[in-house]
Amino acid sequence: MITILNPRNRKYEIAKSRFNNPNTPVKMRTVALLFPIITLVLILSGCSFHVPAADALSDASRHMDHANNSSSPNTAHPGPVTEYLRVSELVPEADTALLESEPAVNPYPDLSVPTYLTKVDDTYFLVDCYHNQVIYHDNLEDPLSMWKVMTNEIDRGHTLASDGDVYLIDDTEQNRILIFEQQGERYVHTQTFSEIGTRPHYIIYDDATDTFYAWSSMTGEMYLFRHGPDDTRMYLTEIRKIESLDRTYVRSFTIIENDIYFVSGNSSILCADLASFEVTAAYPVPASMAGMIQLTKIQDYFYLTISTDDSGSQDYATIIRTHNLSSLKDGGYEDIYNYFIGGGTPYYLTEADNAYYLTEHRLPGHSLWRFQVEDNEIVQVEPIY
């Protein structure tokens, strides 16, 4: 706080007496004389400290009006959340006895359509989609019977994303986003966002914008979530939309530097500017790979996992890679599914521990793969579960 010296202020009287006192050293008398002048200059130049109002986050209607009229994008590492569309719904605190009990053990000996593996700190998380659960463990060598259940509240969830403080899971068939926080040995469901588009299908955390991006797979909408630097309460800060993808099934997106790619179900890959969501390019693909799952950039190649052709047949499920997305329509790609036996349906690719992980279904005993890429060569391919 800056204090203005005026004749009614005791600090002004002290400064005045020190200046008029002949026994006061010259330097001190000079400081006493200059202090109010310097203070006035600082005020006139706009140098001040801003203290946010205590209720800055409580006026939801004001924030909603601003957010609905704002098209400004997130910037790298934005500040505290003061503008938002919605705040999360809090879940009642868990019973103390429950928190102190052992987490439930995975009841299934196998995986049923696993979709996503990720690692946060020293823990692996695996989304077991058709078992309606997320399980976790500290290694990939132990049998699935030793994994613990993070949640079984979801209905066909697909992905999990974390910034190390909160864990967001898409609850696909219930159109929700669930937020978890670690409390002791457990991961506790603490917050919820309901009515998130139609079948939210893919969620990631982007460190550059300090934002969670969650995709509504049937409406062309992206929901952006953030929390403050010293608070885990989550806020829906923005909803962006690709109009041409409304009512088109889109399973994922990929952020590469300042662009975002959508493997759309209309037989093309769309590239948009991350800040504005303005579509900047479209790359047609053959009908045989219309049902794309995910695009991933690994070294000099774009990798694409494919579930079906344009008629929905899984007989066309495969993995391909290409140097140039523009060449896909003319067959300029390499089919690499033979590295993973083939015959199943590949899903999402993720990276952890200097290796890549592929989830897959339709092939018993080949639900999760690990491989590495060295100088663009696929090496050390092995099934994990």
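The values are calculated or read from the model by the stated rules, or taken from the named source; none is laboratory data. Small disclaimer: the values here were computed from a predicted structure and weren't measured. Every residue, glycine among them, receives a Cβ derived from its backbone with ideal geometry; neighbour counts consider all protein chains shown. These area figures cover heavy atoms from the full protein model, side chains too; ligands, DNA and RNA do not enter into them. Shrake-Rupley method; radii C 1.70, N 1.55, O 1.52, S 1.80 Å.
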Pairing a residue in the stretch 285-313 that is on the phi > 0 side of the Ramachandran plot with any residue that is outside any strand (DSSP E or B), where Cβ atoms lie under 7 Å and the two sit 6 or more apart in sequence or on different chains, gives Gln299/Asn376
For residues that are of a type in the set (Gly, Ala, Ser) and assigned to a loop (DSSP other than H, G, I, E, B), scanning just the stretch 228-253, find the one that is surrounded by the fewest Cβ atoms within 10 Å (Cβ to Cβ).
-> Gly228
For the stretch 119-135, indicate whether the set of residues that are within 19 Å of Gly365 (Cβ to Cβ), out of contact with any Ser or Thr (no Cβ under 6 Å at 6 or more places or on another chain) and open to solvent by 50 Å² or more (accessible area, probe 1.4 Å) is non-empty.
-> no
Pick out the one residue from Val285, Val379, Val373 that is hydrophobic (A, V, I, L, M, F, W, C), in contact with a helix residue (DSSP H, G or I) (Cβ under 7 Å, 6 or more places away or on another chain) and either closer than 27 Å to Asp122 by Cβ or open to solvent by less than 20 Å² (accessible area, probe 1.4 Å) (or both).
-> Val285
Picked from the stretch 337-364 (must be touching a residue at least 60 places away in the same chain (Cβ under 8 Å) and not in a strand (DSSP E or B)), the residue nearest to Asp300 (Cα to Cα) is Asp353
Could you list all residues from the stretch 181-227 that are closer than 30 Å to Leu98 by Cβ, in a loop (DSSP other than H, G, I, E, B) and among the charged types (D, E, K, R)?
-> Glu185, Glu195
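Looking for whichever is farther than 17 Å from Ile255 by Cβ, modelled with pLDDT of 95 or more and among the charged types (D, E, K, R) here; the options are Asp170, Asp165, Asp210, Asp206. Which one fits?
Working: Asp170 fails: farther than 17 Å from Ile255 by Cβ; Asp210 fails: farther than 17 Å from Ile255 by Cβ; Asp206 fails: farther than 17 Å from Ile255 by Cβ.
Criteria check complete, one pass: Asp165.
One residue is enough: does the stretch 137-150 have a residue meeting the conditions among the β-branched types (Val, Ile, Thr), in contact with a Pro (Cβ under 7 Å, 6 or more places away or on another chain), at pLDDT 95 or above and surrounded by 23 or more Cβ atoms within 10 Å (Cβ to Cβ)?
No, the stretch 137-150 contains no residue that is among the β-branched types (Val, Ile, Thr), in contact with a Pro (Cβ under 7 Å, 6 or more places away or on another chain), at pLDDT 95 or above and surrounded by 23 or more Cβ atoms within 10 Å (Cβ to Cβ).
Scan the stretch 304-328 residue by residue and report those that are in a loop (DSSP other than H, G, I, E, B) and not acidic (Asp, Glu).
Here is the first cut: in the stretch 304-328, the residues in a loop (DSSP other than H, G, I, E, B) are 309-313, 317, 323-324.
Matches in the stretch 304-328: Ser311, Gly312, Ser313, Ala317, His323, Asn324.
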Residue list for the stretch 82-111, restricted to those being in contact with a helix residue (DSSP H, G or I) (Cβ under 9 Å, 6 or more places away or on another chain), among the polar types (S, T, N, Q) and either over 16 Å from Ile154 (Cα atoms) or free of Cβ contacts under 8 Å to residues at least 24 places away in the same chain (or both) | Thr82
Is it the case that some residue within the stretch 264-273 is free of Cβ contacts under 8 Å to residues at least 40 places away in the same chain, in contact with a helix residue (DSSP H, G or I) (Cβ under 8 Å, 6 or more places away or on another chain) and open to solvent by 50 Å² or more (accessible area, probe 1.4 Å)?
-> yes
Asn69: modelled with pLDDT of 80 or more and more than 21 Å from the chain's Cα centre (by Cα), yes or no?
-> no
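Can you say whether His366 is surrounded by 13 or more Cβ atoms within 10 Å (Cβ to Cβ), touching an Asp or Glu at 6+ places or on another chain (Cβ under 9 Å) and within 26 Å of Thr118 (Cα to Cα), as far as the supplied structure shows?
Details: surrounded by 13 or more Cβ atoms within 10 Å (Cβ to Cβ): yes; touching an Asp or Glu at 6+ places or on another chain (Cβ under 9 Å): yes; within 26 Å of Thr118 (Cα to Cα): yes.
It is true that His366 is surrounded by 13 or more Cβ atoms within 10 Å (Cβ to Cβ), touching an Asp or Glu at 6+ places or on another chain (Cβ under 9 Å) and within 26 Å of Thr118 (Cα to Cα).
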Flagged in the stretch 253-263 as touching a strand residue (DSSP E or B) at 6+ places or on another chain (Cβ under 8 Å) and over 16 Å from Arg240 (Cα atoms), in numbering order, are Ile256, Val263
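Results for (1) under 21 Å from the mean Cα position of the chain (by Cα); (2) at pLDDT 95 or above; (3) in a strand (DSSP E or B); (4) over 26 Å from Glu374 (Cα atoms), shown as yes or no for each residue.
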{"position": "Ile255", "(1), (2), (3), (4)": "yes, yes, yes, no"}
{"position": "Val263", "(1), (2), (3), (4)": "yes, yes, yes, no"}
{"position": "Leu270", "(1), (2), (3), (4)": "yes, yes, yes, yes"}
{"position": "Phe277", "(1), (2), (3), (4)": "yes, yes, no, yes"}
{"position": "Ala282", "(1), (2), (3), (4)": "no, yes, yes, yes"}
{"position": "Ile293", "(1), (2), (3), (4)": "yes, yes, yes, no"}
When (1) open to solvent by 40 Å² or more (accessible area, probe 1.4 Å); (2) touching a Gly at 6+ places or on another chain (Cβ under 6 Å) are applied to Thr308, the one that fails is (1)
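Is there a residue being open to solvent by less than 60 Å² (accessible area, probe 1.4 Å), farther than 14 Å from Ile378 by Cα and outside any loop (DSSP other than H, G, I, E, B) anywhere in the stretch 329-336?
Of the stretch 329-336, the ones open to solvent by less than 60 Å² (accessible area, probe 1.4 Å) are 331-332, 336.
This time we only want the ones that are farther than 14 Å from Ile378 by Cα, so: 331-332.
Subset that is outside any loop (DSSP other than H, G, I, E, B): none.
No, the stretch 329-336 contains no residue that is open to solvent by less than 60 Å² (accessible area, probe 1.4 Å), farther than 14 Å from Ile378 by Cα and outside any loop (DSSP other than H, G, I, E, B).
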Qualifying residues in the stretch 339-350 (those that are surrounded by fewer than 17 Cβ atoms within 10 Å (Cβ to Cβ) and at pLDDT below 95) - the one farthest from Ala287 (Cα to Cα) = Ile341
Failed item, numbered, when Phe225 is tested on (1) farther than 17 Å from Ile293 by Cα; (2) among the aromatic types (Phe, Trp, Tyr); (3) open to solvent by 10 Å² or more (accessible area, probe 1.4 Å) | (3)
Go through the residues of the stretch 182-203 one by one and say whether even a single one is open to solvent by less than 40 Å² (accessible area, probe 1.4 Å), of a type in the set (A, V, I, L, M) and more than 30 Å from Ala275 (Cα to Cα).
-> yes
